[in-house]
Amino acid sequence: MLKKALLIGLTFGLVSCASHYVIVPPVMDLMTVEPVGLVLFSVENAKGDLDQMATQAFLQEATGYQKVPVLEIGKLEDVLQKLDLKALDPDAARAIGERYKLKSFFHGDIRVSKVKRQVDVGGVLRGNLRIRASLDISVTGRLISTETGATLWTSSSNENGTLALMSLGEDLVPYFGVRDQDEATRTMLHELMFDLTWDFRPTKRRI
């Protein structure tokens, strides 16, 4: 009897604790702004495929909880050129919506800064030169309305770490390659995009 009473009490306690939390819908409901497009993220102070890698990481995180179809429409420069436009302004946003039949689209900017080159001395002695770089990456994302050109959502995130790179020029501008990216690169990008897309996830709030 005592064990049963304890079990009932424990169950009641767990239910009571669980009742103190509620699931809060995402801050940004993408279902209200579809069809949604995605312009390749622009990159500053880096070469190679960082734009593609970051954009795919963003897409994966942004649609992880909200299963909204997203149309990838390419680089901003190419999109504007097709429309015979030079800048991403409200007129360009409306033109993009008309051409691709979109209600909104994502675009982001990535900046790589504070790059410090590090040479693996042990690798040199073994005949395997490996250059690593300590750097900061920051990203800002926006969701733009094709009806008004207004920003419907924006957020930013930044990460720092040490990455193994295939190439690092004398100007300390890093090169990112899709085929030769290491695990640290993938981890850093997904951490960046996880933080950036927080508003697209439901959250648990205590009441």
Report summary line: When every residue in segment 53-82 that is of a type outside the set (A, V, I, L, M, F, W, C) and surrounded by 17 or more Cβ atoms within 10 Å (Cβ to Cβ) is compared, the one farthest from Lys101 (Cα to Cα) is Glu61
Report summary line: Result of the Cβ filter at 7 Å on segment 146-164, keeping first residues that are free of Cβ contacts under 8 Å to residues at least 40 places away in the same chain and of a type outside the set (A, V, I, L, M) and partners that are outside any loop (DSSP other than H, G, I, E, B) and surrounded by fewer than 16 Cβ atoms within 10 Å (Cβ to Cβ), at least 6 apart or interchain, is Ser157/Asp195; Asn158/Asp136; Gly161/Ala184
**Report entry** Unmet criterion (only one of (1) surrounded by 16 or more Cβ atoms within 10 Å (Cβ to Cβ); (2) modelled with pLDDT under 80; (3) not in a strand (DSSP E or B)) for Gly127
**Finding:** (1)
Query raised in the report: Restricting the search to segment 144-168, which residues are crowded, with 21+ Cβ neighbours inside 10 Å and either at pLDDT 95 or above or in contact with a Gly (Cβ under 6 Å, 6 or more places away or on another chain) (or both)?
Result: Ile144, Thr146
Report summary line: Reported set for segment 83-119 where residues are of a type in the set (D, E, K, R), over 21 Å from the mean Cα position of the chain (by Cα), modelled with pLDDT of 95 or more and surrounded by 14 or more Cβ atoms within 10 Å (Cβ to Cβ) is Arg94, Arg99
Report task. List every residue pair whose Cβ atoms sit under 8 Å apart, with the two residues 6 or more apart in sequence or on different chains, where the first one lies in segment 94-107 and is under 15 Å from Trp153 (Cβ atoms) and the second, anywhere, is among the charged types (D, E, K, R) and assigned to a strand (DSSP E or B). Result -> Phe106/Arg142; His107/Arg142
Query raised in the report: For Val22, are the conditions met, namely being under 18 Å from Thr140 (Cβ atoms) and either assigned to a loop (DSSP other than H, G, I, E, B) or at pLDDT below 95 (or both)?
Result: no
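The values are calculated or read from the model by the stated rules, or taken from the named source; none is laboratory data. If you're wondering where the values come from, they're calculated on a predicted model, not measured in any experiment. Positions of Cβ are backbone-derived with ideal geometry, glycine not excepted, and every protein chain shown enters the neighbour counts.
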